[in-house]
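Undergrad: Have a look at this one before I ask anything.
Values in this text are rule-based calculations from the coordinates and carry no lab data. Quantities reported herein were computed from a predicted structural model and do not represent experimental measurements. Cβ atoms come from the backbone with ideal geometry, glycine included; neighbour counts cover every protein chain shown.
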Amino acid sequence: SFNGEIAIAQDSAQTLSASFQNVQVSNINPLANEAYTGLVNGEIKAQNLYYNPVIFGDLDIREFRINDFLVGDLDGRISWNDFGERFDIDFDVTRLGRNTISMAGAYYPSRGEDQLNIDLNLNEANINIAEPYIDDYFSELGGFINGKYRISGNIDSPIMRGQGAIQNGQMKINYLNTKYQFKGDVDFQNEYISLENLQFLDARNSEALFSGRISHRGFTDFRLDLIGQLNQFQTLDTNQDNGDAYYGAAYATGQVTLTGEASNLTISANVKTEADTKIYIPITENTDNNDVPEYITFVDRTLQDTTSNNETTDLDEVNKIKIEGLKLDLDIEVTPDAYVEIIIDPKTGDIIRGRGDGQLRLLVDTEGDFQMTGDLDITEGAYNFSLYNIITKEFNIEQPSTITWYGDPYAAIVDIKGSYKQNTSIAPLLEDAGFGEALADGSSQATSRRVPTKVLLFLTGPMLSPEISFDIDFSEANVNDYSVTTALNAFETRIQSDEQELNRQVLSLIVLNHFQAQGGLTVGGRSSTQNVSQLLSNQLSQLVAQLDENLEVNFDLADLDENSFNTFRLRLSYTFLNGRLRVTREGGISNLVDINSIAGDWTAEYLLTQDGKYKVRVYSQSNYDLGQQAINQNATNQTRGASISQTTSFNNLKEFFQGVNKKRQARQNPPSTDNPGGGAN
């Protein structure tokens, strides 16, 4: 409760008094940015309010907390010393039975200078008390500070001098998601705080030493000027959930500087990567959005302008890092100790990974815009092509292969060469070269010969839409057989001038692990706006369909989901009775034991007339009940039916209505039957 007696007059002897009994500190929370709790007890009195106000009294706050952090019990006494014309101050904080903060001294309000003369003693004072005011950047703050300080100067610009030390300090840097232990000396001088050899240890006990000063003006307008020396120190520990342009674990050796005001801080670094560094760079945040451009794509040049505009819009949205008021300028020497993955398409598993040498510069401005420049020469690595247990191949990246950034992290220029090696029978090539008889009677030693063969993959140009080309290399094939040499030379000549033949053989090697004879199954040429997975899915569909001219097959492997086969799409159509009857099965293949998944949605159409104008259709399709699926994932209803349809062709609406009118007139004026013979009397 609060009780007050007010008697304000120009008579200096009159007193304003206020007493408190178990008053909640939380009453001030609507006016504050933090949440305060505790109980206030005591009395405060004021006199001479019209001239030189005098305030004195005793107050204590039990279990004072800031954002649920226990500061302790606060006991304060302030009294007016008329002889010395000063306020005598005595203030203590007791936390968990220990006196952690004590402050005693005097305040001379009538002085123009040197108004304060206060001694401050810190005895294992918990530095967590500062977290509510810096939690945008730091969290999990802990540790203790000890020291003895003298506070002087004026009430509006205090000066603090003295020496202290931080023990058992701990903190987390939110942006880096890294946790550190720290300790060191903290000296307060007139208008700055001096830090010498402030030691930080990461989770592996690697060390970083920081020195410098933090300037201020009466404990406002803080400005940092710190230098840190890192030794195999952890500087990043994020994951993909942080939503940044890159994530992973990073360890570095080198120098870091922090300069500028706290609200406009610049962090600069000149470091090199160390062992156990693993950085992951996803191209986009949401690969399910169809508006986001595919990662590795074949480009339709006729749509280049439209695609470019769409890419700019999408990248503007994802090219932001969730941080403001902080600038980063990182000069990084990348060494083979660092492992890097560029996640091209997480849905299909398309990933470029490896190690390399290079010099990269990363810039983040105060608005969070991320820029990246420099070269990365891949010394070893792989391009992982995977169709989720259907087809999984690994292309080893060969030198020279480089990735170059000119600013936009998603607009890197790639020049990458990958190879997929296997030992393959060349019997189809021998047959194409005219050595079929030798194969038939087994007279050639090359009949069972398996030759080292490389499928070469080349990615060149913008990372989001590189040019993709293939080649087949026999350079590791050490052959002395005339027939083999002749067959390989003829094959190489053929694929150099026939891109469709090259693509056909590449697909056969990747999917079937052998060559195709000339004139066998054929596949289409280069597809536009398709990534590697989609390209091979389309060509695999063409290969299977050519087994029977009446069979039409369409695989959709590119949308295959890693955790479920529900998105594995398969469409089969077969034509009977010289084209009159067509049966089609389409839909997803599920890895669940469900007969409906195997049968899918099916349709049978029969042409009643040869021209297809009249036809009958029978169908069965699945209807998914979302309410039932919440209980049972396999809950579906089958809808079956039949229909008869008539198809009329017309070039425009006028032609359509003319046909309708002719039919109406024919019904209204049937032909005359009076003279069936058609002769005249």
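Undergrad: For segment 451-464, just list the computed ³J(HN,Hα) in residue order, Karplus coefficients 6.51, -1.76 and 1.60, θ = phi - 60°, integers in Hz, with x standing in for Gly and Pro.
TA: 9, x, 10, 10, 8, 9, 10, 10, 10, 9, x, x, 4, 6
Undergrad: Find which of Leu141, Val71, Ala165 sits farthest along the positive direction of the dipole of segment 1-174, computed with +1 on the beta-carbon of Lys and Arg, -1 on that of Asp and Glu, about the Cα centre.
TA: Of the candidates, Ala165 comes out farthest on the positive side.
Undergrad: Over 19 Å between Cα atoms: which of Lys148/Lys179; Lys179/Lys272; Lys278/Lys393; Lys172/Lys272; Lys148/Lys183 fall into that group?
TA: From Lys148/Lys179; Lys179/Lys272; Lys278/Lys393; Lys172/Lys272; Lys148/Lys183, over 19 Å: Lys148/Lys179; Lys179/Lys272; Lys278/Lys393; Lys172/Lys272.
Undergrad: How big is the shadow of the Cα convex hull of segment 1-174, averaged over all directions, in nm²?
TA: The directionally averaged projection comes out at 11.7 nm².
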